[in-house]
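The values are calculated or read from the model by the stated rules, or taken from the named source; none is laboratory data. Remember, it's a predicted structure, so these values are computed and weren't measured experimentally. Neighbour counts are summed over all protein chains in view; Cβ atoms, including those assigned to glycine, are modelled from backbone coordinates with ideal geometry.
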Amino acid sequence: MIDDTPPIINVHGDLVGLGPIRGDLIPLYLQWSNDQSTSQSIGLTWPATLEQETRRFEDRCVDPGSVWFTIYEMNSQIPVGLSWLYDVDHRHARASFGISIGNLENRGRGLGTEATRLTLDYAFNDLGIENVMLTVLSFNESGVRAYENAGFTTFGVRRRCSRIGGQLHDLVHMECTASDFADQHRNKYPAG
């Protein structure tokens with residue numbers, strides 16, 4: 001059962017806010033994991049069980065090399081997705097990024113782009129990361145555009161390396177540096 005207390009929101013934006021992942025949302029996270037349009041966009045093509053989702057949640061809570069956020073729509077404070085930093089390496093000032101907007105009706109509204117910007121701002125200004133990287137399947141053109149709008153640039157393409165639905169797809173590699181992000185978002189997200 002989902003707790004109806006107002007969520008904790010650590011990072012505030014105009015459209016979305018980011019807060020910690022929550023145990024009472026595991027059934028919702030499971031629903032998103034099993035939504036084919038959601039899972040295929042991040043390269044997952046197998047069903048998940050409640051036990052698997054619970055284990056993933058528990059692992060995320062104790063992993064010192066990752067930071068996981070629930071994305072909330074600010075007006076309704078309803079959870080709409082997840083964003084995360086993983087392979088966080090403070091010594092080398094780098095991390096990797098992932099995001100998933102859970103339901104189709106919440107895509108194409110700018111929520112993912114703003115959540116990406118907020119997560120990058122957190123990585124650069126709160127964690128002291130210098131470079132954040134991501135990979136995205138080439139057929140996810142709206143995802144590539146959203147990442148570019150948030151500050152990422154493409155630095156390479158690994159060809160025909162991801163099998164989805166019986167077809168091989170390219171994997172696009174993108175990155176954003178703290179200085180590039182600060183230059184692009186100086187007025188909205190000033191460097192700290």
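Observations on the structure shown:
- Any pair with Cβ under 8 angstrom, 6 or more apart, that starts in the range 13-29 at a residue that is within 16 Å of SER76 (Cα to Cα) and ends at one that is among the hydroxyl-bearing types (Ser, Thr, Tyr) and surrounded by fewer than 18 Cβ atoms within 10 Å (Cβ to Cβ): none
- Cβ-Cβ distances below 8 Å connect the following pairs, each with a first residue in the range 59-73 that is over 21 Å from VAL16 (Cα atoms), a second residue that is not aromatic (Phe, Trp, Tyr) and not in a strand (DSSP E or B), and a separation of six or more residues or different chains: ARG60/ILE21; ARG60/SER66; CYS61/ILE21.
- Candidates in the range 1-42 are the residues that are within 14 Å of the chain's Cα centre (by Cα) and part of a helix (DSSP H, G or I); of these, the one that is modelled with the highest pLDDT is TYR29.
- First in the range 101-118 and at negative phi and among the β-branched types (Val, Ile, Thr), second anywhere and surrounded by 19 or more Cβ atoms within 10 Å (Cβ to Cβ) and assigned to a helix (DSSP H, G or I), Cβ under 7 Å, 6 or more apart: ILE101/LEU111; ILE101/GLY112; THR113/ALA146; THR113/ALA150; THR116/ALA146; THR116/TYR147; THR116/ALA150
- Residue in the range 103-121 that is surrounded by fewer than 24 Cβ atoms within 10 Å (Cβ to Cβ) and either of a type in the set (Phe, Trp, Tyr) or in contact with a Pro (Cβ under 8 Å, 6 or more places away or on another chain) (or both) present: no
- Subset tally (residues that are assigned to a helix (DSSP H, G or I) and among the hydrophobic types (A, V, I, L, M, F, W, C)) for the range 48-76: 4
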